[in-house]
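Structure record follows, encoded as structure tokens.
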């Protein structure tokens, strides 16, 4: 989405070329492929591990950091490998997103019309909020050393990066709709919401 917004705001005349269907398919396939490789690597490593501790997973999803805590084998080589994979899965998209938004911000600063710049920033801020919630909690969960693993913290973080963005997306994006804003103004009073 950040690339889409970057192209729409910074290169609007080239949008049909830069965001053609094949480009979108390719970006989706790369994201799905690398995520699948990462998840498959974790699953294939964790499943055959010997578990000599409790057989109760202190988590509400079967996440590999929770399973590693139950294992009695030395997992240091796996942890180093998985940190490298997590680095690629999490930090490369973050850098692309931040680069896109920095370019958008620079473009908005150059705009002379405050209404157009306000609209461009409003379009991006909702996405940036949801992405921020997702990536901050995902990084806090998957880029921590196993020695500092906390089941309670992992459960809260997992809730935030799996549920909260999905729940807030419709609300955040619908607030950009004029009809929704007008209905909220009528419901909560004219002075409580500003456009």
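Annotations
- Simple label model, 7 Å out from Cα along Cβ direction - residue 96 to residue 17, nm: 2.1
- Note on residue 182 and residue 54: the extension gain reaches 40.6 nm, defined as 0.36 nm multiplied by sequence separation minus the Cα-Cα distance.
- Added length on full extension, which subtracts the Cα-Cα distance from 0.36 nm per residue, residue 3 to residue 32: 8.8 nm
- For the chain, the 222 nm mean residue ellipticity estimated from helices alone, with every DSSP H stretch of n ≥ 4 adding -39500 (n - 2.57) and the total spread over all residues, rounds to -23000 deg cm²/dmol.
- One Cα centroid belongs to the range 1-46, the other to the range 121-160; the line between them spans 20 Å.
- Comparing 59, 118, 127 in a Gaussian network model of the chain, where Cα atoms under 10 Å apart are tied by springs, the biggest mean-square fluctuation is seen for 118.
- Computed from label points 7 Å out along Cα-Cβ, the spacing between residue 77 and residue 129 is 4.7 nm.
- Shape call, the chain: gyration tensor on alpha carbons, a/c limit 1.5: prolate
- If the chain linking residue 149 and residue 119 were pulled fully straight, counting 0.36 nm for each residue of separation and taking away their Cα-Cα distance, it would gain 6.6 nm.
- Helix 164-174 axis, angle to the chain major axis (alpha carbon atoms, nearest 10°): 10
No lab work stands behind these numbers, since they all come straight from the coordinates. Being a predicted model, the structure only gives us computed values, none of them experimental. Note: ideal-geometry Cβ built from the backbone for every residue, glycine included; neighbour counts use all protein chains shown.
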